[in-house]
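In what follows, a single structure is set out as structure tokens and then discussed.
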Amino acid sequence: MSRRAETLLALAGAALVVGLAYAVPWLRFVLTIALAKGLAVLGILLLLRAGQVSFGHALYLALAAYAVAFGTAVVPEALLLVPAAGLLAGLVGLVIGLFVVRYREIFFGMLNLALSMVFYSVLEKFYAITHGADGIRLGPVTFLGLPLAGETAEWTVLGLALVLVLGFGALVRVALASPWGEALAGIKTRETRLDFMGVSPRRVLLIAYVASAVMAGCGGALIALTTRHVTPALAYWTTSGELVFIAILGGAGSVLGPFLGAAAYELTRVYAAALVANAWQAVLGIVLLCVIVFAPGGLWGLIARRRRAA
Amino acid sequence: MSVLLSARDLRLAFGGLKAADGIDLDVEGGEFLAIIGPNGAGKTTFINMTTGYLKPQGGSIRFDGQPILGLSPRRIVALGIARSFQLPQLFTEHTVLQNVALAVAAREGRLSLMAPLLRRAFRDEAAELIGRFGLSGVAEARADALNEGTRKLVDIAMAVALRPRLIMMDEPTSGVAASEKMAIVETLVRVLRGAGVTAVFVEHDMDVVGRFADRVAVWGQGRIAALGPPREILNDPEVQRTVIGIVPAGGVHAPA
């Protein structure tokens, strides 16, 4: 799809989010969480381009969320906390990335899973600092020095999420069409060739890995600002699985896929939980099975196919 | 002419199989050197050792006087040795143009994250090179949709895009229909001569060898059994018996 069509769709989507959040106040929370998770999934999409799946990106999500929770005690400014948390996730991603980009496929996925579960255990066990499974509440947060509370807070964080999503989405869109982005896709099809062209596949993948950690971090920071309470569940493997789930649901064909997937996922979850409280996971599972069977390109693939047919 | 690549006493054994058992070879700058020999003689192993894919257990390799043994494939590419593969190694989900443009971008150094791959400079150079290989018609085709002969040429075009001084080609014509073979080789030789590239190529077709090689090296059990001009080597009864597998009455036709 052309760059212009995708830009228009992204802006239309952003307008739709704002409209829905205005018309249905309780959706503000759901949509902000969806955008935050979509941001993390955008990072997963980068890794998927290289044919790699991480089952451990909840690590960066939770790391940044806890960084924000602890950070509010020191600096309550949201405009400082979010970039700082994203940066921290990126730095940790660089250190871990130097190690995990040496591995591929199941080994890559499992190593990420293992490291994220180590972090989960740390959050659970160091009770004196993290309050274990109880988690910690965020202190008061300000935005440009003004206290964030009530409806203003909801709108502010939603706006912040939209800005980050549009910004990172545009950056990823451009980067995927660059020589680096195409080399990243080359890791999936013919990695040895890159070496014999003088390109280091590990370095190419490391850049994607660090970027994915930063995006997961920003997503985690937004989640912390939205829920105002962080728990170790953010680092649990089911959260990582959720991100991969959303990536498949949305489709990896476009930067819009993750957000489409995240919105569909969160809305399905909310409605399924309300309608069939005991079986909402089953509903999600069936939805995913249907996507895999009938729309291998994800929800985005369905839209792209329809546009081509038209 | 000066020596471009110089291998001395290369040794490498896979278990009991000696793939290189004391290889000594000098490749002159500008020449086309053909490597012939039966399967398992160590021809591909020689290419793999000179391009950094395999590390010999003994011996030395110098490229333009500089020792390259133990360097990574990436370092060796940077020094000016490119290779093509017996089984073409293409980015199968990309178009031919993208494949070659990516090689051009790789040669230009650090891969950019912001400017598109198919920016004008890269697109024009890739398209021009694809044209020299006579592949303009398939430039927009996906690499996995091509026939074997075309994939071979794209594979070599990607190596040439790196502007190497030496290119190592592993069976550039295997899998190519007999009727297309000579046309493909002629294209190839024209492009390589035009680019002033020295070439070492493994080849099984003696007509191709006779027509395009300046010298022929005969591999046998990890050693060089014979080395010389094609007319001499291809008419050698021992080479005919062991490598070519025929005992012709009037010798092989090998034009000067």
- request: Identify the residue in the stretch B:103-127 that is of a type in the set (D, E, K, R) and closer than 21 Å to residue B:81 by Cβ and, among all such residues, is nearest to the chain's Cα centre (by Cα).
  value: B:107
- request: Confirm whether residue A:244 is assigned to a helix (DSSP H, G or I) and at pLDDT below 90.
  value: no
field: Test set (1) among the polar types (S, T, N, Q); (2) touching a residue at least 40 places away in the same chain (Cβ under 8 Å); (3) over 21 Å from residue B:48 (Cα atoms); (4) in contact with an Asp or Glu (Cβ under 9 Å, 6 or more places away or on another chain) - residue B:174 fails condition number
entry: (3)
query: Are any residues in the stretch B:65-78 surrounded by 17 or more Cβ atoms within 10 Å (Cβ to Cβ) and under 20 Å from residue B:197 (Cα atoms), and if so, which ones?
result: B:68, B:73, B:74, B:76, B:77
query: Looking only at residues in the stretch B:44-89 that are of a type in the set (Gly, Ala, Ser) and more than 10 Å from every other protein chain (Cβ to nearest Cβ), which one is nearest to the chain's Cα centre (by Cα)?
result: B:80
task: State the number of residues belonging to the stretch B:1-24 that are among the hydrophobic types (A, V, I, L, M, F, W, C), surrounded by fewer than 16 Cβ atoms within 10 Å (Cβ to Cβ), in contact with a strand residue (DSSP E or B) (Cβ under 8 Å, 6 or more places away or on another chain) and farther than 16 Å from residue B:64 by Cα.
output: 1
message: Residues that are of a type outside the set (Asp, Glu), at negative phi and part of a helix (DSSP H, G or I): does the stretch B:162-170 have at least one?
response: no
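Assess whether residue A:170 counts as being among the hydrophobic types (A, V, I, L, M, F, W, C), more than 9 Å from chain B (Cβ to nearest Cβ), surrounded by fewer than 19 Cβ atoms within 10 Å (Cβ to Cβ) and under 17 Å from residue A:43 (Cβ atoms).
Here the answer is yes, as residue A:170 does meet what is asked.
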- request: Consider only pairs whose beta carbons are under 7 Å apart and that are at least six residues apart or on different chains; among these, list those whose first residue lies in the stretch A:189-201 and is facing chain B (nearest Cβ under 7 Å) and surrounded by fewer than 21 Cβ atoms within 10 Å (Cβ to Cβ) and whose second residue is in a loop (DSSP other than H, G, I, E, B) and of a type in the set (Asp, Glu).
  value: A:189/B:93
The stretch B:90-118 residues that are within 21 Å of residue A:208 (Cα to Cα) and facing chain A (nearest Cβ under 7 Å), paired with ones that are polar (S, T, N, Q) and in a loop (DSSP other than H, G, I, E, B) (beta carbon under 7 Å, 6 or more apart): B:112/A:178; B:113/A:178; B:114/A:178; B:115/A:178; B:116/A:178; B:117/A:178
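Out of A:124, A:151, report the one residue that is in a helix (DSSP H, G or I) and farther than 23 Å from residue A:40 by Cα. Steps first, answer last, please.
Details: A:124 fails: farther than 23 Å from residue A:40 by Cα.
Checking each option against the conditions leaves just A:151.
Conditions (1) charged (D, E, K, R); (2) outside any helix (DSSP H, G or I), marked per residue:
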| site | (1), (2) |
| --- | --- |
| A:28 | yes, no |
| A:34 | no, no |
| A:41 | no, no |
| A:44 | no, no |
| A:47 | no, no |
| A:53 | no, yes |
| A:61 | no, no |
| A:65 | no, no |
| A:68 | no, no |
- prompt: How about the stretch B:185-213: which of its residues are among the aliphatic types (A, V, I, L, M) and more than 26 Å from residue B:232 (Cβ to Cβ)?
  reply: B:191, B:195
- line: Among A:109, A:86, the single one that is touching a residue at least 24 places away in the same chain (Cβ under 8 Å), among the small types (Gly, Ala, Ser) and within 25 Å of residue A:191 (Cβ to Cβ) is A:109
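The values are calculated or read from the model by the stated rules, or taken from the named source; none is laboratory data. Note that the structure is a prediction, hence the values are computed from the model and not measured. Counting neighbours? That spans all protein chains shown, and the Cβs are built from the backbone with ideal geometry, glycine included.
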